[in-house]
Amino acid sequence: MGTLDTARAFETPEGVILEIKLAGPVVRACAWAIDGVIRAALYAAISIPFAFLGGLGFATILIGFFLIEWFYPVLFEVHSGATPGKQAMGITVIHDNGTPVAWSSSLIRNLLRAADFLPLFYGFGLLSVLASKDFKRLGDLAAGTLVVYREHPGIRRRIPDCAPLPIPVDLSPDEQQVLLQFAERSGDLSQQRAAELAELLQVVTGQSAEAAVHALCGYANWLARGR
């Protein structure tokens, strides 16, 4: 299941390096199958009570089918980034820039499922996914979205392992917290952005570029280890 999946890394305007793991066609097909079972159960739940009400019941069933088919995925994607099937498979929908999917994007990607389905059994959608380096079906290409694996919560960032350095000046508790946060997140930043931020404290470190980053990480280790 993972052999067709790849990782992508991109840099945000703030200089943070984000790494995402793209979801390939196999895991997405499994998610679709799970959602298909759920939708079938919802269709049955609507059909059974209204099946014996004549024309009005039939119209109600058709409206219910329409709403489930087209808005079931949209509501879940906008609310939590994923339908129940995608949640079960640990994947989610995001924009190309890593931000949560919006109403308009989710509507576009799901309305175009009609084109992805052609000529039969998501033929065009599968060809598009296999031809795209980002595993995008036609709806994703139009909406500017990606299907990726969810991040695992609870992974704690660590301060880079370097020799503790005593801080040459007194820092307030808030300033100490900022220093620790910088050190913990320095690995997520590009080298240029980390050096740029570290040089803001050049008056404290007396260093520039990567040496300034190393000094701040040393101060953070000194704080973290109780001085």
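When +1 charges are put on Lys and Arg Cβ atoms and -1 charges on Asp and Glu Cβ atoms, the dipole computed for region 44-139 relative to its Cα centre reaches about 120 debye.
Counting other Cβ atoms within 10 Å as a rough exposure proxy, the listed residues R113, R158 run R158, R113 from fewest neighbours to most. Each of (1) 19.9; (2) 21.0; (3) 18.4 is a candidate for Kirkwood radius over Cα pairs in Å; the one calculated from this structure is (2). What is the distance, in nm, between label points placed 7 Å from the Cα along the Cα-to-Cβ direction at D170 and at L118? Result for the modelled spin labels: 7.4 nm.
What is the chain's relative contact order, in percent, from Cα pairs under 8 angstrom and six or more apart in sequence?
Working: 300 pairs, mean separation 40.7, N = 227.
Across the chain, relative contact order equals 18 percent.
Can you tell me the orientation of helix 25-50 relative to the chain, as the angle in degrees between its alpha-carbon axis and the longest Cα principal axis, to the nearest 10? It works out to around 50 degrees.
Against the chain, whose longest principal axis is taken from its Cα atoms, helix 173-185 shows a tilt of about 60°.
Charge dipole (Cα centre; +1 on Lys/Arg Cβ, -1 on Asp/Glu Cβ; no other charges) of the chain amounts to roughly 740 debye.
Give me the distance between the Cα centres of region 126-192 and region 26-77, rounded to whole Å. Centre-to-centre (Cα) distance: 38 Å.
To the nearest 500 deg cm²/dmol, what mean residue ellipticity at 222 nm is calculated for the chain from DSSP H runs of n ≥ 4 alone, each contributing -39,500 (n - 2.57), summed and divided by the residues? Computed ellipticity for the chain at 222 nm equals -17500 deg cm²/dmol.
Along region 208-215 the Karplus relation, 6.51 cos²θ - 1.76 cosθ + 1.60 evaluated at θ = phi - 60°, assigns HN-Hα couplings of 9, 6, 5, 5, 5, 4, 4, 5 Hz to successive residues, with x for each Gly and Pro.
If R0 is 35 Å, the Cβ-Cβ spacing of L75 and D188 corresponds to a FRET efficiency of close to 0.65.
Bear in mind that the values in this text are calculations on the coordinates, not laboratory data. Computed from a predicted structure; not experimentally measured. Glycine also receives a Cβ, built like all others from the backbone with ideal geometry; neighbour counts cover every protein chain displayed.
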